[in-house]
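Before any comments, here is the structure.
The values are calculated or read from the model by the stated rules, or taken from the named source; none is laboratory data. Since the structure is predicted, the reported quantities are computational estimates derived from the model, not experimental observations. Cβ placement follows ideal geometry from the backbone for every residue including glycine, while neighbour counts extend to all protein chains displayed.
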Amino acid sequence: MHSNLKEHGDKVDGLTKFDTKQILLEMNLEDNDARETILHEILHCILEGMGLDERNFDGETMRVTNEFLVVGLSKQIKMVARLNPGLFKLILD
């Protein structure tokens with residue numbers, strides 16, 4: 001956990017550092033906000049794993065089908081759950 005996290009000069013509650021494979025979380029978050037933020041950052045990781053990161057797009061338009069997202073998200077969420085037993089129980093309880 002960290003204090004005063006910033007990305008591009010803006011304060012953020014969580015931050016994924018893909019280069020170091022770390023998720024940083026603001027240390028002053030309420031429990032529910034921390035759970036939501038870690039899930040938010042995990043979804044960034046999942047989308048990155050699917051090739052849907054901001055570096056591959058112009059930041060304005062991303063055209064993908066519903067089926068592409070569902071298939072990719074299903075596989076990536078299953079992988080994250082398998083690699084991190086108990087993580088979703090911790091987040092969702």
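For region 22-52, the set of residues classified as more than 9 Å from the chain's Cα centre (by Cα), under 19 Å from Leu83 (Cα atoms) and at pLDDT 90 or above consists of Gln22, Leu24, listed by residue number. State yes or no: is Glu7 touching a strand residue (DSSP E or B) at 6+ places or on another chain (Cβ under 7 Å) and at pLDDT below 90? When the stated conditions are applied, Glu7 passes them.
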